[in-house]
Every structure is written in structure tokens, then in C-alpha cells.
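Read-outs throughout are calculated quantities, based only on the coordinates presented, and are distinct from any laboratory measurement. Computed from a predicted structure; not experimentally measured. Using ideal geometry, Cβ is built from the backbone for each residue, glycine included, and neighbour counts are taken over all protein chains shown.
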Ligand code: ACO
């Protein structure tokens, strides 16, 4: 029994906001600084009133349409987000209501930018156990809401969006191997160290990051976990048709590809157009590559995530 992706979909809110648009909005930065350090040229920002569940709904509808199944047939919804609509209920339950699905297991996963890879791995285990047959796995974020727009070192890096896949039980491969890790001792290098308590915000409700520490950590673990996944599946790295890494920064992506001895012609890059959309970045990039015809049936795809926690992981699959 395999768990196989049968549909992908994504959604980006509003119009693209370029680096020059950010300068026009009063941020002390430049297109040259952002592009040379990160590769980011534009990002999408949610409209006021648009929440993660709204973006998730559009992406999910597109994934369900590609899979050719009705929302009512889904028996598991796993949604990765660090920007939920509410403290509770979960964004997965809000998505379920918007889709008109009743009875599916539905819950959120919190693993920041590794969230989608975590969610896909969890859904795969449900399906391989035989308990569930048709899962909707979603990454949805409105990071623009937790950015300090006075902090030019972080606010230029992120964007909003959602991506989704339908994962079904199948006799055909399928997800071949998964690997997840976390090391909470690094929690301080990327965090939103605030909360709501007694009706007030406590601590700091904005994203804070030690950029250079994140950079070094990400490059090391992304190459390691890709090799771990290849070994588990007995697939050589050069057999991978496409690497779909978390889209944080083109320099992290290029360094990871180099360590894996993969040419950039085998790497899906959307960070230039989307910025870093955290848990949405991997399914957004996968959807882009499926819809433009690069990713084809039968190819081997490596998905990779790394993010706050610190968390990291990889999923190797045959599409
Ligand atoms: N525009 C112009 N100047 C800026 C900007 C900006 N947007 N941001 C910072 N600067 C300035 C700083 O003030 C500083 O100026 P100074 O030298 O006069 O003090 C200078 O640029 C260098 O600042 P650094 O923070 O040292 O810049 P660095 O070269 O480290 O680049 C960056 C910062 C791009 C964040 C880099 O550290 C990086 O790529 N880190 C990876 C982090 C990442 O991608 N995080 C995403 C989230 S984590 C994840 O998804 C896994």
C-alpha cells in the first residue's frame, strides 16, 4: 500500500508586490539588496480580512479538481500553518467547514517552514496504516500579519499563500521515504516570541530571526536529510528528477543543490516570485512545476523543508 499524490493546487492572494513597491511603501531597502542576498523579486500579500483558511480553501479546491474527487470524499485533513485564523478551532476545521466536508479527521500541524513536509509525512502514515484513504494536505500562511514592517531585515523576506495536495491510498508508488527531525535547542534563532494572555499580547508578537545562524543551519541539515531519505528509499541522489526545496532564499537553495551534486536545472525555484511563504512554499512550488509541465508522472521528486523550532525534513516520492 502506497500513499500517492493525485492532485495539487495553490493560491496566491492579490497582486504581486515587487521590491520597488516595498520601497514606495517606505521601507528603507532596495531591489538590488534584496535580490543579491535572497533572490526575491516579488511576493503576494493577503488582503485585510483574508485568513489562512481562505487561501487554503482556494488551493484545496484546485487540488481536489485535479484529483477529480469531491470534498465530501476526503477522510483526513492535515493543515500546516504558523499563522492560524484563531488560537482555536484549528484552521483545518475551519477549512473543513468551508469545503462542506463533515466527519474527516482534521487538525493543524505547527512546524513552521517544515510544516508541509511534516503534514505530508503524517498523512502518509495514516494512509499506509489502512485507517484512511483520501487525505487533503495543506500548507497555508499569512506571514504578513506577524512581520514587523519596521524591521527591514525580515519584512522583505516573506509572503502569503497556500498550497495543497490530495494524497490517496494506491497500489502504485507513491511516497517512497520520509525523514523528519527537530532540535528545540535552536528555538531562539527564528521565532515569534509572543502570545495572548489575559486579553493582552504578552512578549513580542513579531517574527525575529538571526539570519546568519539560520542560513548556516539550513544548508547543513537540508543536504543531510536529503541523503538520509535517498538511503532509506535506496535511490541515488542523481536519480532525483526534481528537488523542490523550501523557498526561503536562493543562496540556501543553491548551496543545498551543490552539496547534493544536483544542477540548478533540476531544482524548482519560486522564491523569486513568492518570497518565503513558510509552510505553503513547498506545495506552491510543486504546483507551479506540475502545472507548467516540468514535473511529470513517474518522476522522482524530493521535497524538503526547514524552519523554526528548529525543524527539518524531506519526502522522496514518485509522482
Ligand atoms: N535592505 C537594505 N539593507 C538591509 C536590509 C534590507 N532589507 N536588511 C538589512 N540590511 C542591512 C543591515 O542593516 C546591515 O547594515 P549595516 O552593515 O550597516 O549594519 C547590512 O544590511 C547587513 O545585514 P545582515 O543582517 O548582516 O545581512 P546578511 O548579509 O546576513 O543578509 C539575510 C541577511 C538575507 C537575512 C541573510 O542572513 C540570510 O539570507 N539568512 C537566511 C535567513 C532566511 O532565509 N530566513 C528565512 C526564514 S528561515 C527559513 O525559512 C528556514
Pair residue 183, residue 102: separation of 7 Å Cα→Cβ label points (nm): 4.9 nm
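So what's the convex hull volume per residue for the Cα atoms of segment 176-318, in Å³? Walk me through the numbers on the way to the answer.
Values: hull volume 17.6 nm³, N = 143.
Value for segment 176-318: 123 Å³ per residue.
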Protection-proxy order for peptides 190-199, 153-162, 1-10, 215-224, each taking the mean of Cβ atoms within 10 Å per residue, highest first: 153-162, 1-10, 215-224, 190-199
Which percent of Cα-Cα pairs in the chain sits in each 10 Å bin, short to long? 6, 29, 37, 22, 5, 0
Restricting things to alpha carbons, tell me how big segment 257-319 is in terms of Rg and Dmax, in Å. 12.1, 34
Using alpha carbon centroids, what distance separates segment 86-130 and segment 206-226, in Å? 25 Å
Output the relative contact order of the chain, whole-number percent, from Cα pairs under 8 angstrom with separation of 6+ residues. 26 percent
Candidates 212, 200, 110, ranked by Gaussian network fluctuation over the chain, Cα under 10 Å, top entry: 200
Determine the relative contact order of segment 1-70: mean sequence separation of Cα pairs under 8 Å and six or more apart, normalised by residue count, in whole percent. 52 percent
Just need the relative contact order of segment 2-173 here, percent rounded to a whole number, with Cα pairs under 8 Å and 6+ apart. 35 percent
In nanometres, the difference between 0.36 nm per residue of separation and the alpha-carbon distance of residue 272 and residue 238 is 9.7 nm
Between segment 270-319 and segment 43-70, what's the alpha-carbon centroid distance in Å? 17 Å
